[in-house]
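Beneath this line is the structure, given in structure tokens, with notes to follow.
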Amino acid sequence: MEKLALQFFPFPYVFRGERAEGLRIKWPSRCVSCRDRQCERATSNELELCSYGVNYVRVDNDLLVAGIVLKDFPEMTSARRKMIRRVGKATVSQSEVNEAVEAARASVHQLAAELRGKKDAIISEYRDSREYQQEIVELLRPEVQQALGQVHDYKQFVQQIIQNINVILETKFPGIPLEEQLETASHEEAAIYWAARLMEEKLDAALYLMYPDRINDLRERRRFRFHGAVTKYRKIYQRRLDSRHLKIILEGESHAQVEGNPRAIPIIAHALIDNAIKYAPEGTSITLGFRETSEWIDFSVQSYGPPILSGERARIFDLFYRGEIARQRDSEGTGFGLASAQNIAKAVGTEISVEQGNEAGPDDTRLTIFAARIETAPPRDSPPPPRGRRS
């Protein structure tokens, strides 16, 4: 409560250690000369009586009502009798004090609620802005860059692995497409290839988070089928899906092309699929949904996942933030994937949303739907629309 709200308070009070007269009652002379100040050490919110016969009650941590003499307080001492005689008509009833105290407490709660509402609105507006993610990245850039300082080296190493396994497959199965080579290859050979591809995708996500200008780099702009870019993750994750007895279901179709960075935009789908596989209970299904119009593709990932607690929804796309229950169920997660995907989504003019209803799944999970709307490519004879914001 601000002191301004106390200017019409009827009784003497102490606000944050500073004494003030009440509008109706002044401090008794005994209180003015008191050095013990027993009342100011009070922690209880109940009406109490000091050793000099004066009543007091704490409203909250900031406000104490003191220096009052109740005419109907149940406890009677010799000091209280003397104090009643001294103040005469300045005694007050317990009901009057209770009414003033409750009004003060209600004002505190109302003010706190208003402040919380304003703070939440400001935070929500800031979180929805493009600048929020950029400022977070800039704030963490030195630490994260130190951790990711070898990303380019890692990418080269991973690309060497992919090239080498391609040579091995081409040598063993010459003249046939890569997909058929992988189907015919040994379990170990295919596992090496797909693990390297997965690492390559994750390294790209790290690079685009740290260097967001590359997301809309015109040199990387291409037309590609989003549907095809998404379904490749089904192959990348197939062995992990099999190990956890998970099933991916494709729902709907999409034949349209999108225009942009073909390495950046699919990371939106990659992060959502990776998140679903990480938290979906064994033996359940993950549904990848597509719905297409002439202007956009609605893409969604539906699966069972850990409950999102109240207040967490706005933060699950924050860099390195993870929900409480998600942390309990997967201690190795980083809170990196969803933040990277949302960063890319906002850069290309869309946003990932999340919905979670009350439909319960195995292991105390809830049906969770992540979704994003991807704009389709314009006709060949029209200029490309602007995407996101460029600095």
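Taking MET210 as the residue in question, decide whether it is farther than 25 Å from VAL167 by Cβ and modelled with pLDDT under 80.
Numbers: farther than 25 Å from VAL167 by Cβ: yes; modelled with pLDDT under 80: yes.
Spelling it out, MET210 is indeed farther than 25 Å from VAL167 by Cβ and modelled with pLDDT under 80.
Residues in segment 282-293 that are out of contact with any strand residue (DSSP E or B) (no Cβ under 6 Å at 6 or more places or on another chain) and farther than 16 Å from ALA372 by Cα: GLU282, GLY283.
Any residue in segment 298-313 that is within 17 Å of the chain's Cα centre (by Cα), closer than 20 Å to ARG222 by Cα and either at pLDDT 85 or above or not assigned by TED's automatic domain parsing to the domain that holds PRO281 (or both)? No; the residues of segment 298-313 include none that is within 17 Å of the chain's Cα centre (by Cα), closer than 20 Å to ARG222 by Cα and either at pLDDT 85 or above or not assigned by TED's automatic domain parsing to the domain that holds PRO281 (or both). Within segment 208-221, the set of residues being surrounded by fewer than 19 Cβ atoms within 10 Å (Cβ to Cβ) and not charged (D, E, K, R) comprises MET210, TYR211, LEU218. Does THR350 satisfy the criteria of being modelled with pLDDT of 90 or more, buried (at least 16 other Cβ atoms within 10 Å of the Cβ), assigned to a loop (DSSP other than H, G, I, E, B) and among the hydroxyl-bearing types (Ser, Thr, Tyr)? Criteria met by THR350. Applying the set (1) exposed (fewer than 15 other Cβ atoms within 10 Å of the Cβ); (2) under 29 Å from the mean Cα position of the chain (by Cα) to GLU201 leaves exactly one unmet item: (1).
For beta carbons closer than 9 Å, sequence separation of 6+ or different chains, a first residue in segment 355-375 that is in the same structural domain as GLY337 (by TED's automatic domain parsing) and among the hydroxyl-bearing types (Ser, Thr, Tyr) and a second that is part of a strand (DSSP E or B) and loosely packed, with under 12 Cβ neighbours inside 10 Å, the qualifying pairs are THR368/GLY357.
I'd like to check something: does segment 118-136 contain any residue that is over 23 Å from GLN342 (Cα atoms), outside the structural domain of TYR211 (by TED's automatic domain parsing) and at pLDDT 75 or above? No, segment 118-136 contains no residue that is over 23 Å from GLN342 (Cα atoms), outside the structural domain of TYR211 (by TED's automatic domain parsing) and at pLDDT 75 or above. Quick check on my filter: what residues within segment 245-281 are closer than 19 Å to THR368 by Cα and charged (D, E, K, R)? LYS247, GLU251, ASP274, LYS278 - these are the residues of segment 245-281 that are closer than 19 Å to THR368 by Cα and charged (D, E, K, R). Pairing residues of segment 225-253 that are under 14 Å from PHE290 (Cβ atoms) with residues that are modelled with pLDDT under 85 and not aliphatic (A, V, I, L, M), at Cβ distances under 7 Å and at least 6 apart in sequence or on separate chains, gives ILE248/ARG234.
Could you identify the single residue in TYR56, TYR52 that is without any contact (Cβ under 8 Å) to a residue 24 or more places away in the chain, closer than 16 Å to CYS39 by Cα and among the aromatic types (Phe, Trp, Tyr)?
Numbers: TYR52 fails: without any contact (Cβ under 8 Å) to a residue 24 or more places away in the chain.
Of the residues listed, the single one that is without any contact (Cβ under 8 Å) to a residue 24 or more places away in the chain, closer than 16 Å to CYS39 by Cα and among the aromatic types (Phe, Trp, Tyr) is TYR56.
The values are calculated or read from the model by the stated rules, or taken from the named source; none is laboratory data. Bear in mind the structure is a predicted one, so any value in this text is a computation, not a measurement. Glycine also receives a Cβ, built like all others from the backbone with ideal geometry; neighbour counts cover every protein chain displayed.
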